[in-house]
Structures are given as structure tokens and as C-alpha cells.
Amino acid sequence: MSEPVSNFQKATEKGDFVITAEIGPPKGTNIRPVIDEAEEYLKNGKVSAVNVTDIQTAVMRSSSMVGCKLLIDSGIEPVLQMVTRDRNRLALMSDLLSAYILGVRNVLALTGDHITMGDHPGAKAVYDLDSVGLLQAIGRLEDGTDMGVDFKGRPNKLDGKPEFFKGCCVTPCADCPEPQVIKLAKKVEAGAQFCQTQAVYDASAFENFISMVGDIDIPILAGIVVLKSAGMAKYMNGNVPGVQVPDSIVKTLSDAPKEDRQKKTVEITAKLIRDLKPLCSGVHLMTLGWDHLVPDIIEEAGL
Amino acid sequence: MIVADRKPLDEIVNMLKPYENVLVLGCGACVSVCLSGGEKQARELAMQLNLRASNEGPGFHADFDCITRQCDREFTENLEKDPANFDAVLSIACGVGVGFMSELYPETPVLPGLNTTFYGANTAPGTWEEYCHGCGDCVLAWTGGICPIARCSKSLINGTCGGTHDGKCEVRDDLDCAWYMIYERLKQLGRLDEYRKMREPRDWGENRSGGPRRLTHEEVMELEEEVSNV
């Protein structure tokens, strides 16, 4: 096996139970608070890497790449999220080279929510590549070529090639998991080395998924979107495909007095982590701005 | 077939403002079948325009005509009214017909009365749905006859995305997830191996990214040449 290219990869190879977190760049230029919060709450030795979302839910905002660069400057290892919705293969490969030049070593390849979900529904969707194609593109760059050919039909050569720890996503609790599992296998065949999943709230559904994954041998980090309120949990149940928050969790949140709500959020998340821990290689915490709870969640989960 | 939808009447009226004597020209092909641009719709639209104009004062008059196909030169011989005698033609063919008529009658403005939408099938009474994208590189052999380029909102080629739920697409609850349909169909055919196969990134050069497309049958061109030489 070749040398790990990032601390995140190193941690997964060591067999540690890995924690990753996530930040979203702002809609506007005021990115400092997001980076400062990451520095205060996510830079604690327990969080291996921090994902930076790429125009998540198709809502226009500043880029994943700039978020990654500022995290690197703050001594935090980023995961560049990359969706195929907004850029064709030329722009994606160009950004991959650029990200590598800036020091990014972890990439998460995604298709991305459809443009109609976001705040510019009249924009033109690209989808030149799908997420599998993006992983194939990264593989080409790592081989020192791109996806094009020269006038003699030979692959174009790169002057200096990148090397990434490449990731993918899966929806483990989808109502019909088999097509998801098949696609995950294709992503691994295309070069995915780790997987961060869509949100999981039901350990038994996740166990069912893991039993279907069979011989897919990459570290799988169970995704948890930190639930801020009962309303948010209900919204996710009604609107986010493949995500089902059990009634018991919704009830715990709705019964909690307002001043105890963050404490309940920490307890719920920590319990989920403890339940999921025997089934996966780590967890990916999507806090949606509540980074300040991450240290408490980690402590409460006993990690 | 090509499916098209009538433009709103206000938009058409606005488009025709500079003209007094207008020919509404129907097309007997696809748009006639999808009940948007045939002879009946040409007659009705001309009547609607005349009624609207009569409320706003004299001066405007719309007539109508219809030919078998507006995308083929030979059928213009069947025109009962000469477009050259009108200030403008409002074509209610698909965009192909509008463009082709514009070329045939360079002195007359030819305006679109429809929005051309997609290649579709008549799936229920009064309903047409998109089935083909005209991508130039057909994949239906390995997708159980269900086109992911046309019918998956993201034109994915390697399977479902995370937005699929209860067999539906994340874009709209009344939209079937194409890859869920493909999965079910391939399973039914005993061909899930086709789903498992890696599909390489597509060459979109055949799909308009290579510029406007042209189909040439050399043998037909040669035959025409021989006939004209005799």
C-alpha cells in the first residue's frame, strides 16, 4: 500500500474510530466567523478532517476550495467536497489541480442536489460527469493524464500530478437499499477509498445496510446531521430522501425545555455514535453551524 | 414524437402587434398529435386572435392554413394560402417547422406560436411525457429500455443518486426516479449485471456539445444525383 496522503487517510488506515466534521461557506464574503469557529471547536486532535461543502442544496455561496484553503491556513485538514452539478469535466479537473496546489489532499466526490432544490432554479444544470465519473477523472489525474487526448490520440500528460484520498457518499437508510449498494460498489471500483454516508438515525437500518455491503472494503463513516429541534427532525423526515428520524428522538427533542435543548442534542448524538460505533469506521458530524457542540458530543460519546 | 405546448395568448398577441394580416400555419405531424399545432388548433387560434382584435378595434385579421409537415419542402406545395401574401406567419409547428419555414419564405417573418418542449410519448389521455433526449449515443440497450439521459433529472449513467425516495425523484414527487425504474426493469429481466457494469464518462460531442448536428445518407445523395443527370 502506498503512503497515506493525508492525516485523515492515516487515521483510517490505523484503524482508529475516525471523526470528521463539516462546515458550510457563507452566502457572501464574510467567511471569517466560520473559520474561527472551526478553529475553536474542531481543532482538538479528535477530529481528523473537516469537510467543506460545495454549494450545498444548490444554494449559491462561496466555494469549497476557499474554505479548504483557509482551514489549511488555520492548521485544520479539510475534505474538499465536489459536486458534478455546476461544472463540466474541464472545470472539475482544473479545480482538482488547483486544490492540490493549495494543499488539499482529501476529496469527496458527489453528484449534488438538483438545481431545482436551491435558490437559482433557472440555472443550467451541468452533470457532464456523475459521481462515478468524477472519481474516474480524479484517477486519471493521479495517473498523470487528463480525460482528453492529444492530436495523435494519446492521453494528455500533466506537468506534476496530484494524489488524493478519495471519498464518496451513499444513502444507507434508503427505502430501497440495493441500487445504492450497487452504486457504492461502482464508486469503489472507480477509486473511492472512503465513504461518508447520508444521515443515519436508526442503527438497525444501518446494520441492515452494512450487512448488504458485503465485501466492499473501505472505511465507512456514518453520517449524522446534528438535530437542533423537533421541527428540524420532522422537516427532515418529510423532505430529505433516505433519512428517517425515529419518533422516539423527535419526542425527546420536543419534550425538552428550550434551555435544555442543546444538552439533549448532545445526548442524542452521543448515543447514536455509541450505537453505530461497532458497525462502522467512524462518524461524520454535520452540525449545520453548531460546531460548538462537537467537543461535548465527542466527550459524551466516550471517544 | 416532438411535443410542444401553445404559448400564452398574451405573448402571441404581443408578438403579432406590428402586423395586421397574419397567417396561422398548422402542421399535420407531431404537434397535431399532441393537440397543440394541427389544423384544428390553427383554426381555433386564428378565431381567438380575430375575436381579441375585434374587441380592440379594426385593422387586424388572422387567416389559417395547415400542411402535412412544415419540416419538409415538398409539402409546401399543398399550401392553400401563399405566405408571401401575409405580413407575418404564425407557425404552430415545432421549432423545426418555424425555422424551416423561415428559410423557405425569407421575405416574410415567421413567428413561433408554440414552445417546443421534448420528445415524448402519449402516456395517458391528454398527457405526454419525455422519453428521449436525442443525445446521439443511445444507451437503451443496457438500461431496460428506460432512458437515463432523458428521464433521470441529472442524466446519470451509473445508477440512482441519493435523492431517490419511494421510487420518485427529488425534483418532484410526481416524477418517477428513472434509475429506480431501470433497476426494477433490469431485475425483472434478470439483467441486473447491466446495472453493475461501470459506464465510462459520456462523449457529449454527439449531444450538441460538438455543435449543431447533421445526418447525411450518402447513398440517397448519390441516387438523387444520378436521377438528375439522366
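The values are calculated or read from the model by the stated rules, or taken from the named source; none is laboratory data. Model, not experiment: these values are computed from the prediction. Counting neighbours? That spans all protein chains shown, and the Cβs are built from the backbone with ideal geometry, glycine included. Each accessible area value is taken on the protein alone, full model and side chains, heavy atoms only, with ligands, DNA and RNA left out. Shrake-Rupley method; radii C 1.70, N 1.55, O 1.52, S 1.80 Å.
Residue by residue, here is whether (1) surrounded by fewer than 19 Cβ atoms within 10 Å (Cβ to Cβ); (2) more than 14 Å from every other protein chain (Cβ to nearest Cβ) holds:
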residue	(1), (2)
A:E77	no, yes
A:N88	yes, no
A:S94	yes, yes
A:V104	no, yes
A:L108	no, no
A:D128	no, no
For this session: Check the stretch A:182-196 and report whether any residue there is within 11 Å of another protein chain (Cβ to nearest Cβ) and in a strand (DSSP E or B).
Result: no
For this session: Evaluate the following for A:G167: is it buried (at least 24 other Cβ atoms within 10 Å of the Cβ), more than 10 Å from every other protein chain (Cβ to nearest Cβ), closer than 15 Å to A:V83 by Cα and touching a residue at least 12 places away in the same chain (Cβ under 8 Å)?
Result: yes
Problem set entry | Criterion violated by B:G159 - all others in (1) surrounded by fewer than 23 Cβ atoms within 10 Å (Cβ to Cβ); (2) touching a Lys or Arg at 6+ places or on another chain (Cβ under 7 Å) satisfied | (1)
Exercise. Using beta carbons and a limit of 9 Å, which pairs, at least six apart or on different chains, have the first residue in the stretch A:187-205 and without any contact (Cβ under 8 Å) to a residue 40 or more places away in the chain and the second one part of a strand (DSSP E or B)?
Worked result: A:V188/A:C168; A:V188/A:C195; A:C195/A:G167; A:C195/A:C168; A:C195/A:C169; A:C195/A:V170; A:C195/A:I220; A:C195/A:L221
Problem set entry | Given (1) open to solvent by 50 Å² or more (accessible area, probe 1.4 Å); (2) within 14 Å of another protein chain (Cβ to nearest Cβ), number of the condition B:T164 does not satisfy | (1)
Exercise. Within the stretch A:135-143, is even one residue touching a Gly at 6+ places or on another chain (Cβ under 7 Å), at pLDDT 95 or above, open to solvent by less than 30 Å² (accessible area, probe 1.4 Å) and among the hydrophobic types (A, V, I, L, M, F, W, C)?
Worked result: yes
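When you go through B:R172, B:R151 one by one, which is the residue that is more than 13 Å from every other protein chain (Cβ to nearest Cβ) and within 26 Å of A:G118 (Cα to Cα)? Give the derivation first.
On the way: B:R172 fails: more than 13 Å from every other protein chain (Cβ to nearest Cβ).
Of B:R172, B:R151, the one residue that is more than 13 Å from every other protein chain (Cβ to nearest Cβ) and within 26 Å of A:G118 (Cα to Cα) is B:R151.
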Problem set entry | Those strands (runs of 3 or more DSSP E) lying entirely in the stretch B:44-122 with at least 2 residues open to solvent by 40 Å² or more (accessible area, probe 1.4 Å) | B:61-67
Exercise. Regarding B:V3, is this residue in a helix (DSSP H, G or I) and at pLDDT 95 or above?
Worked result: no
Exercise. Cβ-Cβ below 6 Å, separation at least six or inter-chain, first residue in the stretch B:51-71 and among the small types (G, A, S), second crowded, with 20+ Cβ neighbours inside 10 Å and modelled with pLDDT of 90 or more: which pairs?
Worked result: B:A62/B:V22; B:A62/B:V24; B:A62/B:A46; B:A62/B:L49
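Residues are listed down the side, and each one gets a yes or a no for (1) of a type in the set (A, V, I, L, M); (2) in contact with a helix residue (DSSP H, G or I) (Cβ under 9 Å, 6 or more places away or on another chain); (3) touching a residue at least 12 places away in the same chain (Cβ under 8 Å); (4) in a loop (DSSP other than H, G, I, E, B):
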| residue | (1), (2), (3), (4) |
| --- | --- |
| A:I218 | yes, yes, yes, yes |
| A:G223 | no, no, yes, no |
| A:G231 | no, yes, no, no |
| A:Y235 | no, no, no, no |
| A:G242 | no, yes, yes, yes |
| A:I249 | yes, yes, yes, no |
| A:K264 | no, yes, yes, no |
| A:E267 | no, yes, yes, no |
For this session: Determine if the stretch A:113-123 includes at least one residue that is more than 14 Å from every other protein chain (Cβ to nearest Cβ), surrounded by 14 or more Cβ atoms within 10 Å (Cβ to Cβ), farther than 30 Å from B:L186 by Cα and more than 20 Å from the chain's Cα centre (by Cα).
Result: no
For this session: Give the residue that is farthest from the other protein chains (Cβ to nearest Cβ), with candidates limited to residues of the stretch A:198-209 that are open to solvent by less than 50 Å² (accessible area, probe 1.4 Å) and touching a helix residue (DSSP H, G or I) at 6+ places or on another chain (Cβ under 8 Å).
Result: A:A203
Exercise. Restricting attention to the stretch B:24-40, which residues are touching a Lys or Arg at 6+ places or on another chain (Cβ under 7 Å) and either surrounded by 24 or more Cβ atoms within 10 Å (Cβ to Cβ) or not assigned by TED's automatic domain parsing to the domain that holds B:S102 (or both)?
Worked result: B:C27, B:S36
